[in-house]
Structures are given as structure tokens and as C-alpha cells.
Amino acid sequence: MAGSDLEKLIIKADKLTKLSLTRWSADWKSATQLYEQAANGFRLAKQYEKAKTAFEKASKGQEMLSSPWDAAKHMESAAALAKELGNFSEVADFYRRASELYTVCGRPQPASDALAKGARALEDAVPDEAIQLYTDACSILEEDGKEQMAFDLYRAATCVYIKLEKYTDAATFLLRWGLAADKCNATNSQCKAYLSSIIVYLYAHDFKQAEKCYNDCSQIDVFLGSDQGRCASKLLSAYSEGDIEEIKRLGQSSTVSNLDHVIIRLARKLPTGEVSALKSDAMGEQEEALDENDLT
């Protein structure tokens, strides 16, 4: 269908939604069918701006017809076209709206998926917005008790944080993943998330926070008795002793090699800072403790 004919479909549909002296009620059913026809036609013709607008109108029409599922589908189509056009603020807005419409349908999985699609579309262009979308997508699944379905989202958000060098945020999100894994009895994923968090802190050269993280995670028996728990303990000991060779060896260990690639890359670069100072601090603390116990 020619572009001019598609334009006529939009004009005709717009008229059907407006009230006049001869039309006392809007004909959303007929209008929506015309919007859908025009949207698909414009998309085939690669007239993406016009296709996007037509899908927005088709989404509104399905909403007026009390069909939020179809409205959400059209909104996702509009979002995909907004990405093609580089309209990144619209990408986020449209995927969020699609998610809301899926929620109206009582469908948390598609609602989460819509936000995840938005996040993936924005990772390179607007990474901070991508992280927020990933976070909200995780929250939807957590609230629905489907934490295991969110594992790929935790992983993706962590990767974006690390790309942005927001290591504290990355470590915090890994701990959130560990908690989610605990709730669905995914003990292997839980232990991997905790070790990954400790490695991220060490990569950021925040030994104190890595140590605190280990102490907190060690309150959980399943981590304390795991390969990941033992690896974390050895890593922290190596740092305390200033043993660079041991740190490097542990970074190459099979336990670390079974973590996600982004974490493996960080672990292979350890240590990132001066560790001899940590050894001096540890020795100083030991000497202070001995002095306190010396009663002579």
C-alpha cells in the first residue's frame, strides 16, 4: 500500500475517534483496525516514525477496547521502532507502559520481560536507565515469588554496573542475587553470587568491605562450607599476608573459573593495588593485641 494510502487510513481512523454532530460515540474498534493496518504498512515501508505513531494510536485503541494485552504488544512495537530511530527516552517510556499494561492483565512475567527488553536496548546508549529498568524487572519477579526467573537480569545489571565502574553497586546487586537464590534454594548460584561480590570489592581495592561482606555471608552455613566460601577465605588470607602469588593463583582457580565471565576477568587482574600495606596493618593489629595481653 502506498504511503499516501496509509496516511488516509490514519486520517480516517482519527475521525472515527472524534465526536461530531453526526457521530455521538467514538468507533474505537474500526479505528484501531485502521491504525494497526497503517502501522504494519508503514513498518514494511521502513517509515519508522509514522509506524511508531500508528502503533501508539493502535495501543490506545486496544486500551479503549479493554484489551490491555494487545495494547501492550503494540506499545512494545512502538518501543522497538523508537530504538531504531534513536529516541531513547521514548524507548524507556514505551517499554514501561507496556509493562504496566501486562501488569493490568495479571501477567508479571511479560511485564518483567518488557522492562528487560528496554534495558537491553538502552545498555550502550543510556546505561543508568538500563540499570533502573533491570532493577524494576527484578522487583516484579521478586514480588511474584519467581526469583529464579530473574537470574539473567541480576547478571545483566551487574555487568552494566561493572562497565560503568560502579563496583560498590555491582557488589550490592550480587548480594541481592544471592538473597534471591537463597529464597529459591539455588545454593550453587547463591554461593557464586557471594564470592563474586567479594571479588568485586577486592578489585575495587576495598579490603575492609570485602572482609565485612565475607563475615556477613559466612553467617550462612551453606556458603561457609562451600568451595566458594573456602576460596573467599583463602583470598582474604592471602591479602592479609600480602601474598601476591597466592592471590594470582586463586584468581586462576577452578572455583573462580566457574563464575560469570565478567567476574572471572576481574579476578584474573587481582591484586589491583598495593597489598603489602594490608600485611603491615595486620601485623600492627597483632602487635597491639599482644601488648594488651602483656600483663608484666
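Does the range 151-175 hold any residues that are of a type in the set (Phe, Trp, Tyr) and open to solvent by 10 Å² or more (accessible area, probe 1.4 Å), and which are they?
Within the range 151-175, Phe151, Tyr161, Tyr167, Phe173 qualify.
Conditions tested, residue by residue: (1) within 26 Å of Val200 (Cα to Cα); (2) open to solvent by 20 Å² or more (accessible area, probe 1.4 Å).
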residue	(1), (2)
Leu85	no, yes
Ser89	no, yes
Ala92	no, no
Ser99	no, no
Pro108	no, yes
Arg120	yes, yes
Pro127	yes, yes
Glu143	no, yes
Met149	yes, yes
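Would you check which residues across the range 1-46 are modelled with pLDDT of 95 or more, hydrophobic (A, V, I, L, M, F, W, C) and more than 22 Å from Met75 (Cβ to Cβ) and list them?
The answer is Ile11, and nothing else.
Quick one: in the range 70-79, of everything that is touching a residue at least 40 places away in the same chain (Cβ under 8 Å) and not charged (D, E, K, R), which residue is nearest to Pro110 (Cα to Cα)?
Ala72
Residue by residue, here is whether (1) in contact with a Phe, Trp or Tyr (Cβ under 9 Å, 6 or more places away or on another chain); (2) more than 20 Å from Thr255 (Cβ to Cβ); (3) not in a helix (DSSP H, G or I) holds:
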position	(1), (2), (3)
Asp152	no, yes, no
Ala157	yes, yes, no
Asp169	yes, yes, no
Phe173	yes, yes, no
Arg176	yes, yes, no
Asn185	no, yes, yes
Asn188	no, no, no
Leu202	yes, no, no
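Among residues belonging to the range 41-69 that are of a type in the set (A, V, I, L, M, F, W, C) and not in a helix (DSSP H, G or I), point out the one that is nearest to Ala111 (Cα to Cα).
Within the range 41-69, the match that is nearest to Ala111 (Cα to Cα) is Leu65.
Among the residues of the range 200-217, count how many are in contact with a helix residue (DSSP H, G or I) (Cβ under 8 Å, 6 or more places away or on another chain) and either free of Cβ contacts under 8 Å to residues at least 60 places away in the same chain or farther than 20 Å from Leu153 by Cα (or both).
So the count comes out to 12.
Listed here are the residues, each with its yes/no results for (1) under 19 Å from Ala232 (Cβ atoms); (2) modelled with pLDDT under 95; (3) touching a Cys at 6+ places or on another chain (Cβ under 9 Å).
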site: Lys146; (1), (2), (3): no, no, yes
site: Leu153; (1), (2), (3): no, no, yes
site: Tyr161; (1), (2), (3): no, no, no
site: Tyr167; (1), (2), (3): yes, no, no
site: Ala170; (1), (2), (3): yes, no, yes
site: Asp182; (1), (2), (3): yes, no, no
site: Thr187; (1), (2), (3): yes, no, no
site: Leu195; (1), (2), (3): yes, no, yes
site: Tyr201; (1), (2), (3): yes, no, yes
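Report whether or not Asp144 is acidic (Asp, Glu) and within 22 Å of Phe88 (Cβ to Cβ).
It is false that Asp144 is acidic (Asp, Glu) and within 22 Å of Phe88 (Cβ to Cβ).
Among the residues of the range 269-281 satisfying the criterion of being of a type outside the set (Val, Ile, Thr) and in a loop (DSSP other than H, G, I, E, B), which is least open to solvent (accessible area, probe 1.4 Å)?
Checked the range 269-281; the qualifying residue least open to solvent (accessible area, probe 1.4 Å) is Leu270.
Write out, first by first residue and then by second, each pair whose Cβ atoms fall under 7 Å of each other, whose residues are 6+ apart or on separate chains, and whose first residue, in the range 250-262, is under 23 Å from Tyr154 (Cβ atoms) while the second is outside any helix (DSSP H, G or I) and not aromatic (Phe, Trp, Tyr).
The qualifying pairs are Gly251/Arg268; Gly251/Leu270.
Go through Ala31, Ala39, Ala13 for me and flag whichever is under 24 Å from Lys117 (Cα atoms) and small (Gly, Ala, Ser).
Going through Ala31, Ala39, Ala13 in turn, just one is under 24 Å from Lys117 (Cα atoms) and small (Gly, Ala, Ser): Ala39.
Filter the range 95-134 down to the residues that are without any contact (Cβ under 8 Å) to a residue 24 or more places away in the chain and under 14 Å from the mean Cα position of the chain (by Cα) and list them by number.
Across the range 95-134, the qualifying residues are Asp124, Gln132.
The values are calculated or read from the model by the stated rules, or taken from the named source; none is laboratory data. Keep in mind the model is a prediction, meaning the values are calculated, not measured. Ideal geometry is used to build each Cβ from the backbone, glycine not excepted, and the neighbour counts take in all protein chains shown. The area values use the complete protein model at the heavy-atom level, side chains included, leaving out ligands, DNA and RNA. Shrake-Rupley method; radii C 1.70, N 1.55, O 1.52, S 1.80 Å.
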